[in-house]
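The values are calculated or read from the model by the stated rules, or taken from the named source; none is laboratory data. Here the structure is a predicted model, which is why all the values come from computation and not from measurement. Quick reminder, even Gly has a Cβ in these numbers, built from the backbone with ideal geometry, and neighbours come from all protein chains shown.
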Amino acid sequence: MERKALGKGIGALIPERESQKSEKIIYLGLDQIKPNPFQPRELFDSQSLEELTQSIREKGLIQPILVRRKGEYYELIAGERRLRAANLLNLKEIPTIIKEVNDQDSLELSLIENIQREGLNPIEEAHAYRYLIDKFNLTQEKISEILGKARASIANTLRLLNLPQEIQEEIKKGRISFAHGRALLEIEDLNQQRRLAQEVISKGLSVRELESLIKRQRPSTGKRRIRPPVEGDSYLAAMENELQHILATKVRISKQKKRGHILIEFYSPEDLKRIVDKVRGDKE
């Protein structure tokens with residue numbers, strides 16, 4: 001049976017009390033709720049958590065958390081910050097909605113909430129996508145449908161996992177941005193990636209400054225012959241844009257006289273298969 005896409009948001013998954021009595025809001029004791037083992041978020045901002053705790057202290061907890069039944073207790077699906085804040089306040093119980101879902105849906109729901117609230121850093125997001133691919137054999141295209149995000153965005157986020165671990169840690173901490181990470185991926189030498197990452201941190205380089213630095217350090221392949229614009233260049237540019245739209249990846253067309261070639265980028269074996277299937281006209 002076709003699984004329902006979940007990219008509509010947490011609100012769309014929480015039915016009205018009157019329409020679904022089985023999923024009405026109830027109150028559970030904090031000792032009945034266990035953490036979510038599929039929680040994609042690794043870092044929790046202490047200041048943000050403190051602000052949420054203060055808000056709950058003053059106004060109460062308005063939005064319920066989402067859980068699923070696991071034997072004699074309940075496992076958290078979404079709302080870990082609210083649960084942590086409730087524990088800090090020593091609340092006895094918390095408003096809750098119980099939803100019967102499997103492991104995959106639990107991870108998807110947790111992902112959706114964190115992404116929509118911008119709670120995940122890019123590396124946490126990439127690990128969550130990788131887990132969906134490895135554990136549940138989902139394609140990037142399917143993840144795109146589930147989460148309501150562009151497939152190219154998912155592919156680019158996954159590519160960050162190719163960076164050295166220490167650079168990934170700096171991205172987690174926010175000292176290097178997602179865009180800096182993408183720029184560093186243009187370099188094959190891992191040690192050079194590390195050196196440039198340290199320059200970004202120590203000198204506060206912008207993404208544009210980093211890209212210029214990479215360009216200057218790239219080995220010269222000799223002077224390029226500058227070809228003046230000729231009739232048909234605008235047509236090639238339009239064809240590039242059309243192919244990029246169809247294939248959802250970067251495409252470059254190079255032409256010399258009557259001949260030329262088309263360069264199509266892919267970011268993983270699974271991404272290559274997706275592009276080949278698209279060219280063949282295969283339907284999912």
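Only a single criterion out of (1) part of a helix (DSSP H, G or I); (2) surrounded by fewer than 14 Cβ atoms within 10 Å (Cβ to Cβ) is not satisfied by Leu210, namely (2).
For Ser234, indicate whether it is modelled with pLDDT of 80 or more, hydroxyl-bearing (Ser, Thr, Tyr), loosely packed, with under 11 Cβ neighbours inside 10 Å and not in a loop (DSSP other than H, G, I, E, B). Spelling it out, it is not the case that Ser234 is modelled with pLDDT of 80 or more, hydroxyl-bearing (Ser, Thr, Tyr), loosely packed, with under 11 Cβ neighbours inside 10 Å and not in a loop (DSSP other than H, G, I, E, B).
Among the residues of region 177-197, those identified as assigned to a helix (DSSP H, G or I) and closer than 23 Å to Leu120 by Cα are Phe178, Ala179, His180, Gly181, Arg182, Ala183, Leu184, Ala197.
A Cβ distance below 7 Å, combined with a sequence gap of six or more or placement on separate chains, defines the contacts here; from region 252-266, residues that are without any contact (Cβ under 8 Å) to a residue 40 or more places away in the chain and in the same structural domain as Ala238 (by TED's automatic domain parsing) reach residues that are acidic (Asp, Glu) and surrounded by 10 or more Cβ atoms within 10 Å (Cβ to Cβ) in the pairs Arg252/Glu240; Ile253/Glu240. The set of residues in region 247-283 being assigned to a loop (DSSP other than H, G, I, E, B) and closer than 21 Å to Arg159 by Cα consists of Ala248, Thr249, Lys250, Glu265, Phe266, Tyr267, Ser268. Among the residues in region 156-166, are any touching a Leu at 6+ places or on another chain (Cβ under 7 Å) and either acidic (Asp, Glu) or surrounded by 19 or more Cβ atoms within 10 Å (Cβ to Cβ) (or both)? Among the residues of region 156-166, at least one is touching a Leu at 6+ places or on another chain (Cβ under 7 Å) and either acidic (Asp, Glu) or surrounded by 19 or more Cβ atoms within 10 Å (Cβ to Cβ) (or both), which makes the answer yes.
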